[in-house]
Every structure is written in structure tokens, then in C-alpha cells.
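Okay, so here's the structure we're looking at.
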Ligand code: SF4
Ligand code: SF4
């Protein structure tokens, strides 16, 4: 402030820990975590403070990984529609960064002196096993917190202890190399783990498609999101949204074709699993979405929503299903 610089904090609160029980542990190929804890809150903070959008400088470098090497130096991030990202030190090597810091006597994070060479989230699935060993030594309380969470999922998935000790949890779908390592160790790890709180069975019925959910459709909650699919009308317990009929207080819905059946599933999934990350709020061109303070879930403004469905395109609940999308920053 004394130098005229406004300091804005984008805080995800406890979003990671809430979202963990919707998504299951993050992986290198399943990076819902950065959308929920970084990109969503950043989108909301930009929207609130700089409605026209921002040019954002970050310190990522091409030598950090093969993936980073292939990325551009200036980019648009589809998860943060109101920013253009740029990395001024993209071509720098680590030694150049350090020489710059020393030559200008700049302060740096003291953890670099304790053997950490990458400082980000302590439980990042991109970290190596060596980095986790260092975490156990330097910050045992943090490792213990994460180990307990992993143990919960290990039991839920019925996996062996090696899933944690050898770090196999860092993938949703094991890479070729990890599969080979598991084979060499003689550890039985399934190729892919999957966790879907809201499930659906979709069946063709001649006149259309019938959906059966694993949860009863709550009318109040459904009405908070239904306009996304189309014009909404209500008749008793039947909620019609566009061409889809939801039979609330039961588990059933009806759609005219397969595409609408999948969209109906996505709507119910977002209604129930929403973790309030805010990514879709930034994407909505009509300012029709907000996050309810109490439930921390999205609510649609009926008067503003034009049923364009753009918010469906960015929701991490629907998008992070394959490694390409999951690993994109
Ligand atoms: S993006 Fe906004 S206007 Fe479009 S369907 Fe979603 S809530 Fe409605
Ligand atoms: S519905 Fe919106 S706020 Fe909720 S998880 Fe999806 S993108 Fe995030």
C-alpha cells in the first residue's frame, strides 16, 4: 500500500480438504487440486477486483519439466478466462535465477537451504519420493496429516500398503513406468482407480433415454441449477429443464437423446458434487452463477441464465477425466 501497490489475496480456505472427498486423492494425471485451490479462487479474485481481466506474470521455466518445455511463454489459460499468463523467466536456467537473487541480495525462502529444491504444496503428486522423505524429516506433522488421508483412501479402494509407501497414489491411472515398477516389486496395484460419488445408469427405452441415479433427486437443489439445461417448468414433483424431465423425490430422469442424457447426468453431478471452486463462475458470460455462502455450491440466477452451457465446459468435476486434461495447468 505505501508504494501504491494493492495486495489482493485469493484464498481457497479449506476447499482442498472438502474437495478431496469428492475427487479422491489428486494425481499427476488428475490435477483437480490446482483448479480447486488456485485457479478457481484466482478467477474469482480477478473478477471482483479487475473486471476487465489481467496480465499475470508467473515464474515458471521451461527447464522445470518436459511438459513445461513444450508450453508457450505467453498463454491463455482456459481455466482462468479473465487472465493472460506470461513468464518473463521462461528461458532461464536455475543457476541464472540463483545468480540473479544473490547479485541483488534478494530474500528467498529459507526452505531452499534445508534441501527443498521445489517449494509448492507439500502433498503435490508431482513431487518425487525423495521429496516426500525430506517432508517426513522436516515437517512430520504435515506428512502425517496427508498419510492419514491416504490411508483412508487406501482402505476404501482396498489397496496394499505399498500404494502409499512407494507413492503409487500419485497417479490415477498408472503410467507405463509405474506399472513396470509395481510388477518388479510384485505389488498388485490396479491400473486405474476411480471414484464417482454420483453415478447413473443410462438406458435407451425406444422413445428416448431413461436415467437412474444412485441418489434421490432433491427438488430444491435441482431447481438451483436446472436453468443451465434450458427453460424450466415445474409440475408437482416433475422438473422439466429444456428437454429433460427430472422426477424429483425419486432417482429417475428422462431425456430425448443420448447427448441430453449425459448433460442431465452432468447437471446432477454438479448439483451434488460442486466444491465451490468458482471456475465456472468466472466463465459464465451472463454473470448468472454464484457460490452459496452456506452450502459452498453453485446457484444459478434464473433471470440471467441463457442456457448457453459454457459453464459445463470448465467444471473440473466433468473435465478432469483423462490425463491430458487432468495434467494441464
Ligand atoms: S454459463 Fe451462465 S448463462 Fe450459460 S448456462 Fe451456465 S449459468 Fe447459464
Ligand atoms: S460447478 Fe462450478 S464451482 Fe462447482 S466444482 Fe464445478 S466449476 Fe467449481
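The values are calculated or read from the model by the stated rules, or taken from the named source; none is laboratory data. In this text, all values refer to a predicted model and were calculated from it rather than measured experimentally. Cβ coordinates were reconstructed from backbone atoms using ideal geometry, including for glycine residues, and neighbour counts include every protein chain displayed.
Remarks
- Region 22-69: number of residues that are touching a residue at least 12 places away in the same chain (Cβ under 8 Å), within 16 Å of ligand 2 (Cβ to nearest atom) and either surrounded by fewer than 20 Cβ atoms within 10 Å (Cβ to Cβ) or part of a helix (DSSP H, G or I) (or both): 18
- Evaluation of residue 210 against (1) farther than 24 Å from residue 32 by Cβ; (2) assigned to a loop (DSSP other than H, G, I, E, B); (3) in contact (Cβ under 8 Å) with a residue 24 or more places away in the chain (one fails), failing number: (2)
- Region 81-107: number of residues that are over 24 Å from residue 41 (Cβ atoms), loosely packed, with under 13 Cβ neighbours inside 10 Å and in contact (Cβ under 8 Å) with a residue 12 or more places away in the chain: 3
- In region 305-324, the count of residues that are within 12 Å of ligand 1 (Cβ to nearest atom) and in a strand (DSSP E or B) is zero.
- In region 225-251, the residue that is farthest from ligand 2 (Cβ to nearest atom) out of those that are surrounded by fewer than 19 Cβ atoms within 10 Å (Cβ to Cβ) and under 28 Å from the mean Cα position of the chain (by Cα) is 251.
- Residue match in region 235-250 (condition: in the same structural domain as residue 291 (by TED's automatic domain parsing) and more than 30 Å from residue 299 (Cα to Cα)): no
- Of all the criteria given as (1) assigned to a helix (DSSP H, G or I); (2) within 15 Å of ligand 1 (Cβ to nearest atom); (3) without any contact (Cβ under 8 Å) to a residue 12 or more places away in the chain, the one not satisfied by residue 259 is (2).
- The single residue among 295, 327 that is more than 11 Å from ligand 1 (Cβ to nearest atom), surrounded by fewer than 21 Cβ atoms within 10 Å (Cβ to Cβ) and at pLDDT below 90 turns out to be 327.
- In the condition set (1) surrounded by fewer than 19 Cβ atoms within 10 Å (Cβ to Cβ); (2) away from ligand 1 (no atom under 16 Å from the Cβ), residue 78 is compliant with all but (2).
- Test: residue in region 225-236 that is farther than 23 Å from residue 35 by Cβ, touching a helix residue (DSSP H, G or I) at 6+ places or on another chain (Cβ under 6 Å) and not in a loop (DSSP other than H, G, I, E, B): yes
- Among (1) near ligand 2 (Cβ under 9 Å from one of its atoms); (2) in contact with a strand residue (DSSP E or B) (Cβ under 7 Å, 6 or more places away or on another chain); (3) not in a loop (DSSP other than H, G, I, E, B) - the single one residue 276 does not satisfy: (3)
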